[in-house]
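K.L.:
Just passing along the structure, written as structure tokens.
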Amino acid sequence: GQSLEQPSEVTAVEGAIVQINCTYQTSGFYGLSWYQQHDGGAPTFLSYNALDGLEETGRFSSFLSRSDSYGYLLLQELQMKDSASYFCAVSSINTNAGKSTFGDGTTLTVKP
Amino acid sequence: DVKVTQSSRYLVKRTGEKVFLECVQDMDHENMFWYRQDPGLGLRLIYFSYDVKMKEKGDIPEGYSVSREKKERFSLILESASTNQTSMYLCASSFGDRYYEQYFGPGTRLTVT
């Protein structure tokens, strides 16, 4: 089966940089995704890594090391609106279809 | 923009009732998913479907069934609701082999009393 580990809570100040780590164990690994969920809202897709390295999307970057079964989400120039839960998710495929398994989420609190 | 809608935002049912949760997506996505989300437990996959009439069990299928008669609609059924099925239920969809990029509906908060 699949299992993921990420910190339960992270706190940072406005303007700072924060890194949310994710380690995983899975079979049939396809890639690692990141989602953001504000309180009371639905998860929204942020980024995806299938290959080793860094993917940058504006203030957010995501990194993957397949050999280490490890990835992280990097948030730069933190803003108050970045306060949310962040989930890593591993995608895997069987003979029929693919699916994602989500971590338990990291609650990010951005303080002024 | 992809739009995923769910039939109810809030639902209260009694133990033993049969419950239907409906999900509709408007982007012709092949894949649809049902999750439940509980505090501290992240999103747990109940069932998913990769085509009409096709379904696969997720990680916690016990007590649930699903139906996908049309490509845009995926239903979650609780045959006999129990209090431990009180939860937030989220539906999602994705295109083709982009299993990793899922679009979520607003969720249904189900309370079973």
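K.L.:
Can you compute the FRET efficiency between A:GLU55 and A:SER27 using 1/(1 + (r/R0)^6), with r the Cβ-Cβ distance and R0 = 35 Å? Round to the nearest 0.05.
P.N.:
That pair, A:GLU55 with A:SER27, gives E of 0.90.
K.L.:
Can you find, among B:GLN102, A:THR109, A:LEU73, the residue farthest towards the positive end of the dipole of the protein assembly as shown? Put +1 on the C-beta of Lys and Arg, -1 on that of Asp and Glu.
P.N.:
The one lying farthest along the dipole's positive direction is B:GLN102.
K.L.:
Once the Cβ-Cβ distance between B:ARG9 and A:ALA16 is put in as r, and R0 is 41 Å, what FRET efficiency do you end up with, to the nearest 0.05?
P.N.:
0.70
K.L.:
Ok, one more. Compare the Cα positions of B:TYR35, B:VAL19, B:LEU45 along the charge dipole of the stretch B:1-68 (+1 at Cβ of Lys, Arg; -1 at Cβ of Asp, Glu; about the Cα centre) and return the one farthest towards the positive end.
P.N.:
My answer, from the dipole projection, is B:VAL19.
K.L.:
Counting only other chains, what is the mean number of Cβ atoms within 10 angstrom of the Cβ of each residue in peptide A:43-53?
P.N.:
Whole-number average of other-chain Cβ neighbours for A:43-53 is 3.
K.L.:
Hey, got the average number of other protein chain Cβ atoms within 10 angstrom for residues in B:92-99?
P.N.:
4
K.L.:
Additional query: In terms of the ratio Rg/(2.2 N^0.38 Å) built on C-alpha atoms, what value belongs to chain B?
P.N.:
Expressed relative to 2.2 N^0.38 Å, the Cα Rg reads 0.99.
K.L.:
Note the full-extension length gain between A:LYS81 and A:THR109 as 0.36 nm times their separation in residues minus their Cα-Cα distance, in nm to one decimal.
P.N.:
Length difference between fully extended and current span is 9.1 nm.
Computed from the coordinates by the stated procedures, all read-outs in this text should not be read as laboratory data. Not measured: the values here are computed from a predicted model. FYI the Cβ positions are ideal-geometry reconstructions off the backbone, even for glycines, and counts take in every protein chain you see.
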